[in-house]
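Worksheet for the structure shown next.
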Amino acid sequence: MTKVNRRTLLAGGAAAAAGTTLGAPMIWAQNIKDVTLRQFGTGVSNLNEVAQKVKEDLGFTLEMTALDSDSVTQRAATQPNSFDIADIEYWICKKVWPTGNLQPMDTSKIKNYDKIVGIFRNGLLTPESTIAQGTAPHTVGFTSGPEGTDFVAEESGWMTLIPTIYNADTLGIRPDLINRPISNWHELLNPEFKGKASILDISSIGIMDMAMVVESMGEYTYPDKGNMTKEEIDLTIGIFTEAKKNGQFRAFWKSFDESVNLMASGEVVIQSMWSPAITAVKSKGIPCVYQPLEEGYRSWGGGIGLSASLTGLERDAAYEYINWYLDGWVGGFLMRQGYYSAVPETSKNYMSENEWGYWFEGKEATDTITSPFGDPLANAGEVRDGGSFYDRMGSVACWNAVMDENQYMVRKWNEFIAA
Amino acid sequence: MEKLLRNKAISGWLMAAPLTLVLAFFLVLPIVLIVVVSFWRATEFSIIPAFVWENYEFLFGSSVTYQVFLNTFKYAAITWALTLVIGFTVAYFLAFHVRTQTWQIALFLLCTIPFWTSNIIRMISWIPFLGRNGIANSTLISWGVIDEPLEWLLFSDFAVILAFVHLYTLFMVVPIFNTMMRIDKSLIEAARDAGASGVQILWNVIIPLTKPGIMIGTIFVVTLVMGDFITVRFMSGSQSANVGRLISNDIALLAYPSAAATAVVLLLTVLIVIGILLRFVDIRREL
């Protein structure tokens, strides 16, 4: 029985898949319409609008599957033949890349490579920036060559992921129910909000929010929040377990919708939150602020990776797709939801001056700002929470990360949930 | 061929074969696989066939496991007690107080109406009802019963058990009602003629005769509650854990061997519980 091994099964599947794709003829224009690329990733950028636009602009079909971060990691690591394009975060890339399930991408084929923001190339937003803790995207963004399964520090010409989307996350609050300014991460554990706070139950991200809080409380200063020792993990989770036992938390959330419901219903007034969730609460007419905090943001970045089994016409189509992705339409679409595009200057062409001013430059809106789906988000005269791109991305304190002690952390996290 | 079939032993085996095969394939084999996998090793991405005890060592070495099992038993016991009282009362009313069969069937169907929707929907609809600004709290406040909203209504053990009782009471009603309907009415008349009071009839005649129904209902409720994970996750706002949630967390993190080990322990626990229950009543004899 023990000889039935998932690996051998997968290898068999790989051989079968290679057999069918290698034979594909290379007559681009005629066959492109028959190409179907299967993309999967977290919900943030797996949008049907993108798939529709791909069909219109490029002619081929993009099938999208949205999963949660854990499932995405699992699938990228264990089922390389179940997808052509992986839309994953950089910390997931750190876990998945060494498995060899993704193939390095030749940056000379990427038209707008030179315009990609510094964060994804040398790690520096501006020449004076310092690099934040955690898994900064540029540290896992390049590999040594076309066969590389390692990471290299310099811009080697072979990228692991082509960056597409990123943002700076912070706490969301209900200003109408709090009635005072909030300016530090430690407010999450302030007894004033007993029974009205929440944190997300996704260990790899939750632990970073916890670390921001612990540091803000003055309990401990981490040498590297993104790579804690066992003692640091015990300390961090210990503080939160105690708070949990004292009834600080109303609930924990795992999916985007849960965080929206908790906030909109007033069950929770302060919690870790994602940018579009704030937008969703606001579009119900309920005040909600993505509160900039003194200690800075917890940031994340995502990109597109190609399955190792992608070859021939399909791979050409995928490069075409990536070039189209960085060409601005998607960037504008994402930026109008509050994310940032890897090549902001191309997105500008697809945004109105008012939108560009509000979302990117942190200027007052001159007219109503609406989401790409038509919901009004801000009125004339309002400014974006946190200000301009350089203000927000310039005060990143740490990046979402995966630690060396990841398995230990996950066990401790489970204990925290069960405590 | 005909001669072979006339052989009683062989035809007996043949007739039993389809069911045996189905059970072997869909019940025994999956369980055997779970047991086998529970001895494997896992790294973050791969599962390695092996024969190691580390999954069990970790499971029994962690205080969380005991807490979580205790919690699971707590949910099962409280839910069992409440569903039993409610289920028995409902079945008793249907069987002995409703006179005509038409009404019995009509009212019984009424009990099943909630089952026409998915249990996830039935469960989630409690959330807006019980919330801080939900219907329950705002009604109580407008009646002047309370001044401040009750926080423990939602995302608490109360909410979890409420949802369990709501979801699973019918599993108690049906088997109890079924056994009650088969009680010979003349036994009750005889008891009354012999001078027994209503309470005595209930205690000495009806309850002993409904035991098999109670036991079947108990098995349903206990196994359903012990195996659940989604109700606990939603109704406690992810703040409480039972064994099912341990398993689902492990699966989410690709730790299949560890999930399998937990599942094996849970399976054994449930089997032991059922074994104990069957000591009290011999269901096969009573049915």
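Any read-out appearing in this document is the output of simple, stated calculations on the displayed coordinates, not a laboratory observation. Everything quoted here is computed from the prediction, not taken from an experiment. Heads up, the Cβs are rebuilt from the backbone with ideal geometry, glycines too, and the neighbour counts pull from every protein chain shown.
See the values below:
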{"read-out": "Test item: A:409-419 mean partner chain Cβ contacts at 10 Å", "value": "6"}
{"read-out": "Listed residue (B:HIS97, B:ALA159, B:VAL37) projecting farthest to the positive dipole end of chain B, Cβ model", "value": "B:HIS97"}
{"read-out": "20 Å tail of the calculated P(r), segment A:311-419, as % of Cα pairs", "value": "57 percent"}
{"read-out": "Loop trypsin sites (Lys or Arg not before Pro), segment A:75-117, which have at most 16 other Cβ atoms in a 10 Å radius of their Cβ (DSSP)", "value": "A:LYS111"}
{"read-out": "Neighbour-count order for B:GLU2, A:GLU154, fewest beta carbons within 10 angstrom listed first", "value": "B:GLU2, A:GLU154"}
{"read-out": "Kyte-Doolittle at least -0.5, axis length at least 18 Å by Cα - qualifying DSSP helices, chain B", "value": "B:8-23, B:63-92, B:157-181, B:207-227, B:256-280"}
{"read-out": "Column: log10 I(q)/I(0), Debye, Cα scatterers of chain B, q = 0.08, 0.12 Å⁻¹", "value": "-0.51, -0.99"}
{"read-out": "From the C-alpha gyration tensor of segment B:192-287, square roots of 5λ in Å", "value": "40, 16, 7"}
{"read-out": "Tilt relative to chain A, helix A:48-57 - C-alpha long axis, 0 to 90 degrees, to 10", "value": "40 degrees"}
{"read-out": "Within segment A:234-340, GluC sites (Glu not before Pro) in DSSP loop having at most 14 other beta-carbon neighbours inside 10 Å", "value": "A:GLU294"}
{"read-out": "Pair A:THR368, B:LYS74: separation of 7 Å Cα→Cβ label points (nm)", "value": "5.1 nm"}
{"read-out": "Neighbour-limited loop hits for chymotrypsin sites (Phe, Trp or Tyr not before Pro), segment A:292-398 (at most 12 other Cβ within 10 Å; DSSP other than H, G, I, E, B)", "value": "A:PHE373"}
{"read-out": "Percent breakdown of C-alpha pair distances by 10 Å bin, ordered from the shortest bin, for chain A", "value": "4, 21, 31, 26, 13, 3, 0"}
{"read-out": "Choice from B:ALA106, B:ALA260, B:ALA194 with maximal GNM fluctuation in chain B (Cα, 10 Å cutoff)", "value": "B:ALA194"}
{"read-out": "Stokes-Einstein D (µm²/s) once Rh is taken as the Kirkwood radius of segment B:1-108 over alpha-carbon pairs, at 4 °C in 1.567 mPa s", "value": "64 µm²/s"}
{"read-out": "Likely footprinting exposure, A:MET64, A:MET159, fewest C-beta neighbours within 10 Å first", "value": "A:MET64, A:MET159"}
{"read-out": "Net length gained if the chain between B:VAL52 and B:VAL36 were fully extended (0.36 nm per residue, minus Cα distance)", "value": "4.7 nm"}
{"read-out": "Sorted by Cβ density within 10 Å, fewest first, the residues B:ASP147, A:ASP375, B:ASP157, A:ASP87", "value": "B:ASP147, A:ASP375, B:ASP157, A:ASP87"}
{"read-out": "Shape parameters for segment B:119-183, alpha-carbon atoms, Rg then Dmax in Å", "value": "16.0, 50"}
{"read-out": "Under the Debye formula (equal points on every Cα, no solvent term), log10 I(q)/I(0) of the protein assembly as shown at q = 0.08, 0.10, 0.12 Å⁻¹", "value": "-0.76, -1.09, -1.39"}
{"read-out": "GNM flexibility winner over chain B from B:PHE155, B:PHE129, B:PHE73 (Cα, springs under 10 Å)", "value": "B:PHE129"}
{"read-out": "Fraction of beta bridges assigned by DSSP in the protein assembly as shown that are antiparallel (%, nearest 5)", "value": "60 percent"}
{"read-out": "25 Å Cα-Cα threshold exceeded, pairs from A:LYS53/A:LYS254; A:LYS94/A:LYS412; A:LYS245/A:LYS282; A:LYS95/A:LYS348", "value": "A:LYS53/A:LYS254; A:LYS245/A:LYS282; A:LYS95/A:LYS348"}
